[in-house]
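Encoded as structure tokens, the structure appears first; notes follow it.
What follows is calculated from the coordinates using simple rules that are stated; it is not laboratory data. Small disclaimer: the values here were computed from a predicted structure and weren't measured. When we count neighbours, we look across all protein chains shown, and the Cβ atoms used for this are built from the backbone with ideal geometry, even at glycine.
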């Protein structure tokens, strides 16, 4: 006999705060880069190349965040004791807690302190119904729910 499966649509988080902070760092790096265009003698060549590397890294990070935000919605499926998110099966005993920050939901696996970005999402369907179902699933499987801000990592 198969377990009943509940399916809901999810999207990656829209990281506006992160995007804005990366844009500010790019602006600061560009100002530093073009501050003295007439200066042909650079006393710190190493610092100049580090500045260029930081600029490239920040630009690539911004492009990654934009592409992540524009990604299409996928499905999250949960049965009685497992979650399937982005074609990854997560058994309930491997989940330490769910973190809920407004529309954003993060799944914190055991043995980690930071929520991976791949396990961070927002519901696209009826949000209140999905949160209620998530709360019932977490209560049934003994997984804690925490409300408030949480740390995410790439």
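By how many nm would the segment from residue 44 to residue 74 grow when fully extended, if each residue of separation counts as 0.36 nm and the alpha-carbon distance is taken off? Can you show the working numbers first?
Numbers: separation 30, 0.36 × 30 = 10.80 nm, distance 4.83 nm.
Gain on extension, residue 44 to residue 74, equals 6.0 nm.
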- Alpha carbon centre of the range 111-143 versus the range 65-99: separation in Å? 8
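Over the chain, what relative contact order in percent results from Cα pairs under 8 Å that are six or more residues apart?
Details: 204 pairs, mean separation 42.9, N = 154.
Relative contact order comes out at 28 percent.
Nearest 500 deg cm²/dmol is fine: what mean residue ellipticity at 222 nm does the chain get from its DSSP H runs of n ≥ 4 alone, each adding -39,500 (n - 2.57), divided by its residue count?
Working: 3 runs with 58 residues, N = 154.
For the chain, the value works out to -13000 deg cm²/dmol.
Let me know the Kirkwood hydrodynamic radius for the range 16-69, please, with Cα pairs as the basis and the value in Å to one decimal.
Numbers: mean 1/r = 0.0825 Å⁻¹.
Roughly 12.1 Å, rounded to one decimal.
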- Query: Can you give the angle from 0 to 90° between the axis of helix 16-33 and the longest principal axis of the chain, with both taken from C-alpha atoms, to the nearest 10?
  - Reply: 10
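Quick one: in the chain, what % of C-alpha pairs are over 21 Å apart?
Numbers: 6392 of 11781 pairs.
Value for the chain (Cα pairs over 21 Å): 54 percent.
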- Task: Relative to the longest principal axis of the C-alpha atoms of the chain, give the angle of the C-alpha long axis of helix 45-69, reported between 0 and 90° and rounded to the nearest 10°.
- Result: 30
- Query: Could you give the nm distance between label points at residue 94 and residue 35, where each point is 7 Å from its Cα heading toward the beta carbon?
  - Reply: 4.8
- Note on the structure: Computed over the chain: longest principal axis from alpha-carbon atoms vs helix 127-141 long axis, angle to nearest 10 degrees, is 70
- Query: Taking 0.36 nm per intervening residue step and subtracting the Cα-Cα distance, what contour gain separates residue 19 from residue 87 on full extension?
  - Reply: 21.8 nm
- Message: I'd like to compare 62-74, 103-115: which one has the highest average count of other Cβ atoms within 10 Å, and what's the full order after that?
- Response: 103-115, 62-74
